[in-house]
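**Q** Encoded as structure tokens, here's the structure I'll be asking about.
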Amino acid sequence: MAPVVVTATRIATPLDRAPAKVSVVTRRDIERNAWQTLPEALRTSPGLNVVSSGGPGANTSVFLRGNNSDHVLVLLDGMPINDPALSAGAFNFGDDLLGGLDRIEVVRGPASSLYGSNAIGGVINLITGAGADRPAVATLDAGLGSDGTWRGAAGLRGSVDRFDYGLTLEGFSTDGDNNTPSRVASRNLGESDGFDNLTATAKAAYRLDSVRLEGLLRWRDAEFALDNVPTDDPNSTGESRHLAWQTAAEAELIAGRLTSRLAIGQSRFDRGFTNRADALSVGTNDDSFDSVRTHVDLQNTLTLPPVDAVTDAVLAFGGSFSREDAEFRTRSTSAFGPFNQDVDAEADTAALFAHAQARFGGAVDVTAGIRFDSPDDFGDRATWRVGAVVPLPGTPARIKAAAGTAYKAPTLYDRFGRTNFGYRGNPDLDAEESIGWEAGVEADVPGFGRNDFAGLSATWFTSDVDNLIQFDFVRNTSVNIASAEIEGVETEATVRPVRAVELGLAWTWTDARNAQTGQRLLRRPEHQFSLDARIEPVRGFTLSPEIVYVGQRLDVVYADSGGFVGTRPVGGHWQVNLAAVWRVTADVSLYARGGNLLDRTIEDPNGFARPDRGGLVGVRARF
């Protein structure tokens, strides 16, 4: 049976019938590849470029289908968790581990008709888990690695009658490598940039006859060292705390026909950055950026009876309300003198949405959706999306096509933030807007006695984005002055020639340009390639190699002296990783992972070094 996804339509839908390209990372994938951090789990996804300014804990952005990094909406069990106090409202993927997550769904293409602001490039949904096949299952995971790395995780989950629960506590610590490249010799102290993370997740659900109650709590505390673009800074540190909670009740109002789900939750970020004077920096700062997003979401799902050739008809409709509060506190000194700032800001947004999907003639799946967002301090926005999945008669192939619009509201930081370099937010900013299309073909090819011998796909996509928010160096603020034109092709192939071998290949071509100047957009590689595999030479022992290639791209360039050179093309890079898992018994496994095995020098972005060759070994047990 085809995997079922929820994020693509807000309705549980088989993956091969969803009108969008979706990648799914499961808990099994995470354990098989011995991934430790969220960027590791996303790096091989087609059409997705992960840019990390160093090793674990470094600021990490995701560019999805050539769109800006702040054009990716991140959800936790369906609740938005982008930080309104972070520049442009982006999400820093570098802070998070994978403990407590059961799966990650990556939906490409405009999705504001389902989720509102930020979903121009797509949506990444982090889905937690609860329940098991018996009342209690305990898990332990411990590992040691290079650069003084250690990790540990403990979990307990189970199902007792109508009650499902899941608890996870995970810790990760590393001394790290130096995020400043060794080539920057004149401004390099050789100091390591470490990272410490503690993450706890608790989820529970209780089922009554026609009601399901659910609760989620996820807390994360991350501490990290920072360098100063691209200079060592031994006294610069940061801390990021995130608390997210959500309660939900889902009731079956009409048996088998109508359900209603009400969810209420909050996402709270507390970020602090401290720097003291040292040999390479005379400036000091003590900054904090705190935010609270309160979110209420009501969804009704109505299953309609079949009528003639129309089957599987479902209508989802409802509304949401969110309030964002942000506080910016800055105390700093520099060559420009002292600077203090205290800013409090808030914004409300209400929305209504409707989404419908149905199958026609027992073969063709059609979807359509619309959403109206009403922010309290700038114009209303209406977004839409339509899509279809059409099988090709007499073949194992199907055509998928979709079109839609999306928008991104200016964040509280964009509108009200201030810095010690004179930057002031622009309260008159308008929303960024986009329209996108995609069309492609997928095929599930049988062969060698297997129904799932190969899965093939190729998708063309394009997007036009207007009112892009960019920094104006003359006015020293952010303004709506740019637009972008993006076009590309994603291809994927998964081949399973025998039970013990599975190969996955992906190649993405992206042409993302400033529509006014024709210049390529920063940090969008024209070509990306990845290969990942599962090879089981003997039963119980699995090898999982990864090869990732990121091609030439435009970037901000720094010279060996540390000085700013300008914006120029930079060369591509290869990264080779390998994981091995030996299942000693049914409940105990040993694992090892090697990263950057070719010991390549990787700067992405330019001026920040990825870790050199390293490894980690560990043991995982289930009781």
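Just so you know, all these numbers are worked out from the coordinates, no wet-lab data involved. As the structure is a computational prediction, the values presented were derived from the model and not from experiment. In this analysis, Cβ positions are derived from the backbone assuming ideal geometry, glycine residues included, and neighbour counts consider all displayed protein chains.
**Q** Looking at the range 529-621 from every direction and averaging, what is the projected area of its Cα convex hull in nm²?
**A** 7.2 nm²
**Q** Something else now. Of VAL619, GLN299, ASN451, whose Cα points farthest to the positive end of the dipole of the chain (charges on the beta-carbon: +1 Lys, Arg; -1 Asp, Glu; origin at the Cα centre)?
**A** ASN451
**Q** Sort the following peptides by mean Cβ neighbour count (other Cβ atoms within 10 Å, averaged over residues), highest first: 461-467, 221-227. Walk me through the intermediate numbers first.
**A** Values: 461-467: 20.3, 221-227: 22.3.
Ranked by mean Cβ neighbours within 10 Å, highest first: 221-227, 461-467.
**Q** If the cut-off is a Cα-Cα distance under 29 Å, which lysines reach LYS203, setting aside same-chain residues fewer than 8 apart in sequence?
**A** LYS21
**Q** Relative contact order for the range 1-135 using alpha-carbon pairs under 8 Å, separation at least 6, rounded to a whole percent?
**A** Relative contact order of the range 1-135: 26 percent.
**Q** Only Lys, Arg, Asp and Glu count, each charged at its Cβ (+1, +1, -1, -1), so figure out the dipole size of the range 502-557 about its Cα centre, rounded to 20 debye. Could the numbers behind the result be given before it?
**A** Numbers: 7 positive and 7 negative charges, 47 e Å.
That gives the range 502-557 a dipole magnitude of about 220 debye.
**Q** Sticking with this structure for a sec: Of the listed peptides 18-30, 394-406, 133-145, 39-51, what is their order by residue-averaged count of other C-beta atoms within 10 Å, with the highest listed first?
**A** Result, highest mean first: 39-51, 18-30, 394-406, 133-145.
**Q** From the C-alpha gyration tensor of the chain, pull out the three semi-axes of the equivalent ellipsoid (sqrt of 5λ each), sorted largest to smallest, in whole Å.
**A** 36, 30, 26
**Q** If neighbour count is taken as other Cβ atoms inside 10 Å, put LEU315, LEU97 in order from fewest to most.
**A** Least to most surrounded, the residues fall as LEU315, LEU97.
**Q** Any chance you could check the Cα centroid distance between the range 277-318 and the range 124-195 for me, in angstrom?
**A** The range 277-318 and the range 124-195 have Cα centres spaced 24 Å from each other.
**Q** Going highest first, how would you order 341-349, 508-516 by mean Cβ packing within 10 Å? Numbers along the way, then the final one.
**A** On the way: 341-349: 16.1, 508-516: 18.4.
Highest mean packing first, the order is 508-516, 341-349.
**Q** Counting each DSSP H run of 4 or more residues in the chain as -39500 (n - 2.57), what helix-only mean residue ellipticity at 222 nm follows after dividing by all residues, to the nearest 500 deg cm²/dmol?
**A** Mean residue ellipticity, 222 nm, calculated: -500 deg cm²/dmol.
**Q** Answer with one residue from THR284, LEU429, VAL343: the one whose Cα lies farthest towards the positive end of the charge dipole of the range 281-437, charges on Cβ with Lys, Arg +1 and Asp, Glu -1.
**A** Checked the options; the winner is LEU429.
**Q** Only four residue types carry charge here, +1 at the Cβ of Lys and Arg and -1 at the Cβ of Asp and Glu. Report the dipole size of the range 452-504 about the Cα centre in Debye, rounded to the nearest 20.
**A** Using only the charged Cβ atoms, the result is roughly 220 debye.
**Q** Using Cα pairs under 8 angstrom and six or more residues apart, how large is the relative contact order of the chain, in percent? If you can, show how the numbers build up before the last one.
**A** Values: 1883 pairs, mean separation 75.8, N = 623.
Relative CO of the chain lands at 12 percent.
**Q** Rank GLN246, THR395, THR477 by how far each Cα sits towards the positive end of the charge dipole of the chain (+1 on Lys, Arg Cβ; -1 on Asp, Glu Cβ) and give me just the farthest.
**A** Working it through, the farthest residue towards the positive pole turns out to be THR395.
**Q** Let's see if you can work this out: charge +1 on each Lys and Arg Cβ, -1 on each Asp and Glu Cβ, no other charges. What is the dipole magnitude of the chain about its Cα centre, in debye to the nearest 20?
**A** It comes to approximately 1560 debye.
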